[in-house]
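Encoded as structure tokens, the structure appears first; notes follow it.
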Amino acid sequence: MPVLIDTVAWVRTEGGRILCARPRGKDIFYIPGGKREGAETDLETLVREIKEELTVLLDPETVTHVGTYEAEVPGLPGGAVVRMACYAAEYQGDLAPSSEIEEMAWFSYSDRDRVPPVDQLLFDDLRACGNLM
């Protein structure tokens with residue numbers, strides 16, 4: 001049975017673009033978010049990860065589920081699968097990369113090949129509903 005990597009992600013779109021982040025030491029961008037610690041809920045994980053990565057505080061009252069996606073992780077042995085539960089939310093503060101994040105960028109659909117397969121599924125859905133140019 002393949003290993004399941006359980007993650008949550010923050011979907012922030014503005015002007016037909018989606019916010020993506022590139023962790024230090026990596027050359028691929030990801031939808032901001034990460035893995036749960038212990039018995040954290042999706043919401044707790046999301047709020048903690050986004051504060052750690054982008055230095056903003058998500059407003060828990062505005063969190064809405066966008067979709068959950070699964071895809072194989074390229075380059076990992078044993079066919080590891082990542083599950084990414086995606087949520088939109090309003091935030092307070094100024095978006096800024098933390099010490100974990102090398103760079104953040106606003107991607108359009110044409111940047112789809114710069115993110116992992118699971119993120120590409122989200123890009124496809126956002127494009128289909130008109131939220132990604």
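The values are calculated or read from the model by the stated rules, or taken from the named source; none is laboratory data. Predicted model, so just to flag it, every value in this text is computed and none were measured. Neighbour counts are summed over all protein chains in view; Cβ atoms, including those assigned to glycine, are modelled from backbone coordinates with ideal geometry.
Take the conditions (1) out of contact with any Phe, Trp or Tyr (no Cβ under 9 Å at 6 or more places or on another chain); (2) buried (at least 18 other Cβ atoms within 10 Å of the Cβ); (3) more than 12 Å from C20 (Cα to Cα); (4) among the hydrophobic types (A, V, I, L, M, F, W, C); C129 misses just one of them, which is (2). Being among the basic types (K, R), in contact with a helix residue (DSSP H, G or I) (Cβ under 7 Å, 6 or more places away or on another chain) and under 27 Å from M1 (Cα atoms) is true for just one of R127, R36, R83. Which residue is that? On inspection, the qualifying residue turns out to be R36.
Counting the residues of segment 41-76 that are among the small types (G, A, S) and touching a residue at least 12 places away in the same chain (Cβ under 8 Å) gives 2. If the condition is being surrounded by fewer than 18 Cβ atoms within 10 Å (Cβ to Cβ) and part of a loop (DSSP other than H, G, I, E, B), then segment 1-34 contributes M1, P2, V3, G15, G16, R24, G25, K26, D27, I28. May I ask you to verify whether G38 is in contact (Cβ under 8 Å) with a residue 24 or more places away in the chain, assigned to a loop (DSSP other than H, G, I, E, B) and loosely packed, with under 14 Cβ neighbours inside 10 Å? Judged against the criteria, G38 is not a match.
Screening segment 106-126 for residues that are assigned to a helix (DSSP H, G or I) and among the hydroxyl-bearing types (S, T, Y) and picking the one that is surrounded by the most Cβ atoms within 10 Å (Cβ to Cβ) gives Y109. For segment 1-47, taking the residues that are in contact with an Asp or Glu (Cβ under 7 Å, 6 or more places away or on another chain) and basic (K, R), the one that is farthest from E61 (Cα to Cα) is identified as R24. The number of residues in segment 41-93 that are at pLDDT below 95, loosely packed, with under 12 Cβ neighbours inside 10 Å and either of a type in the set (D, E) or farther than 19 Å from R22 by Cβ (or both) comes to 3. Take R24 and decide whether it is more than 20 Å from V118 (Cβ to Cβ) and among the charged types (D, E, K, R). Yes.
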